[in-house]
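Colleague: Handing you a structure now.
What follows is calculated from the coordinates using simple rules that are stated; it is not laboratory data. Here the structure is a predicted model, which is why all the values come from computation and not from measurement. So basically every Cβ, Gly included, is an ideal-geometry build from the backbone, and we count neighbours across all protein chains shown.
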């Protein structure tokens with residue numbers, strides 16, 4: 001009787017989570033659609049909603065259409081796409097490392113990708129002029145950084161340790177930040193200015209060409225992670241248990257690491273370093289909806305898109321005519337959030 005009651009409660013809980021997930025998808029999709037149009041109205045020059053809609057449908061005056069269609073619309077779309085990619089990357093890392101504090105910025109992945117992109121900007125672009133050069137350089141360093149952090153934190157008997165994961169991420173992040181500073185030191189003034197502005201994280205100047213450049217790699221990275229959502233559910237219980245249930249752990253690990261690196265590298269190469277998105281969004285939705293990654297993948301992508309779209313809009317409209325760097329705003333939000341997670345899990349962290 002007791003086991004029957006437990007099964008019924010488990011089934012009821014699963015149904016409740018399914019309904020909550022379906023409602024969340026609908027709400028986030030509606031928020032993304034409405035927010036996209038509303039965010040275009042905000043900036044150094046406020047544009048009425050009716051004029052925005054007229055411009056988007058091709059019935060506005062030429063000046064409004066230029067601002068809306070050529071400047072703000074692609075920028076807001078880029079922010080949404082980057083938010084979706086960073087959130088999905090953070091979700092994958094948290095599942096793979098079985099740690100809610102894992103994210104591209106915390107583990108130093110963003111710093112590694114940033115070093116790769118900075119190196120190409122300073123030296124590689126003079127040799128090979130290609131729109132893919134920055135992405136490929138950032139991808140190579142992101143992949144190398146992720147593998148290095150994983151190797152440093154991995155203990156054969158106990159898997160990935162929380163304390164070692166955080167320490168390795170901090171050390172690797174400091175290492176690549178130092179390399180990036182050295183590149184700045186030996187570069188000319190114009191290159192330093194562009195690198196510093198880019199390192200702060202910004203969507204200023206993002207156009208339709210950047211959106212098209214990002215779309216393919218982000219779709220590939222998202223597909224690699226989404227196809228392994230069920231395996232990630234099993235791996236959160238431990239790699240040995242997942243292996244016993246028939247999961248090819250090495251293949252899943254490689255595909256998830258590859259997908260996450262592609263997502264992070266693409267985002268960093270286009271808009272610079274924007275931290276903590278991959279920490280805040282996945283942690284929030286996992287707490288609300290449970291650990292099923294088949295549900296969390298689309299929800300975190302939608303939630304990340306809405307989150308970063310709103311943050312970029314705040315950065316554009318908070319202090320007109322000035323514009324705040326988006327990476328600075330996410331750091332101000334994310335650092336206290338990270339400390340809160342660390343405090344709530346401090347006993348577990350220091351036991352690991």
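Colleague: Pairs needed: first member in region 85-103, at positive phi; second member anywhere, part of a loop (DSSP other than H, G, I, E, B); C-beta distance under 7 Å; at least 6 residues apart or different chains.
Modeller: 98/236
Colleague: Go through (1) surrounded by 18 or more Cβ atoms within 10 Å (Cβ to Cβ); (2) touching a helix residue (DSSP H, G or I) at 6+ places or on another chain (Cβ under 6 Å); (3) assigned to a helix (DSSP H, G or I) one by one and return the number of the condition residue 206 breaks.
Modeller: (3)
Colleague: Consider region 316-340. How many of its residues are buried (at least 17 other Cβ atoms within 10 Å of the Cβ), without any contact (Cβ under 8 Å) to a residue 24 or more places away in the chain and assigned to a loop (DSSP other than H, G, I, E, B)?
Modeller: Residues in region 316-340 being buried (at least 17 other Cβ atoms within 10 Å of the Cβ), without any contact (Cβ under 8 Å) to a residue 24 or more places away in the chain and assigned to a loop (DSSP other than H, G, I, E, B): 1 in total.
Colleague: Might you let me know whether region 254-273 holds any residue that is under 19 Å from the mean Cα position of the chain (by Cα), surrounded by fewer than 22 Cβ atoms within 10 Å (Cβ to Cβ) and free of Cβ contacts under 8 Å to residues at least 60 places away in the same chain?
Modeller: Of the residues in region 254-273, the ones under 19 Å from the mean Cα position of the chain (by Cα) are 254-273.
Imposing the further condition that a residue be surrounded by fewer than 22 Cβ atoms within 10 Å (Cβ to Cβ) reduces the set to 254-255, 257-258.
Among the residues that remain, those that are also free of Cβ contacts under 8 Å to residues at least 60 places away in the same chain are: 254-255.
For region 254-273, residues under 19 Å from the mean Cα position of the chain (by Cα), surrounded by fewer than 22 Cβ atoms within 10 Å (Cβ to Cβ) and free of Cβ contacts under 8 Å to residues at least 60 places away in the same chain: present.
Colleague: Now a separate question. I want to confirm something. Restricting to region 187-196 and keeping residues that are touching a residue at least 40 places away in the same chain (Cβ under 8 Å) and part of a helix (DSSP H, G or I), which single residue is farthest from the chain's Cα centre (by Cα)? Spell out how you get there, then give the answer.
Modeller: Here is the first cut: in region 187-196, the ones touching a residue at least 40 places away in the same chain (Cβ under 8 Å) are 187, 191, 194-195.
Next cut, part of a helix (DSSP H, G or I) only: 191, 194-195.
Numbers: 191: 26, 194: 23, 195: 21 Å.
Selected residue: 191.
Colleague: Just checking: which of the helices (runs of 4 or more DSSP H) contained wholly in region 2-115 hold 3 or more residues that are touching a helix residue (DSSP H, G or I) at 6+ places or on another chain (Cβ under 7 Å) and closer than 30 Å to residue 143 by Cα? Outline the logic, then answer.
Modeller: Working: elements: 2-41, 49-56, 62-65, 73-97.
Result: 73-97.
Colleague: Now a separate question. Taking the options 231, 223, 242, 237, name whichever one is free of Cβ contacts under 8 Å to residues at least 40 places away in the same chain, outside any helix (DSSP H, G or I) and on the phi < 0 side of the Ramachandran plot. Walk me through how you get there before you give the answer.
Modeller: Numbers: 231 fails: outside any helix (DSSP H, G or I); 223 fails: outside any helix (DSSP H, G or I); 242 fails: outside any helix (DSSP H, G or I).
The unique qualifying residue is 237.
Colleague: Residue by residue through region 48-62, note down the ones that are touching a residue at least 12 places away in the same chain (Cβ under 8 Å) and more than 11 Å from residue 37 (Cβ to Cβ). Spell out how you get there, then give the answer.
Modeller: Taking region 48-62 as the starting set, the residues that turn out to be touching a residue at least 12 places away in the same chain (Cβ under 8 Å) are 49, 51-53, 55-56.
Across region 48-62, the qualifying residue is only 51.
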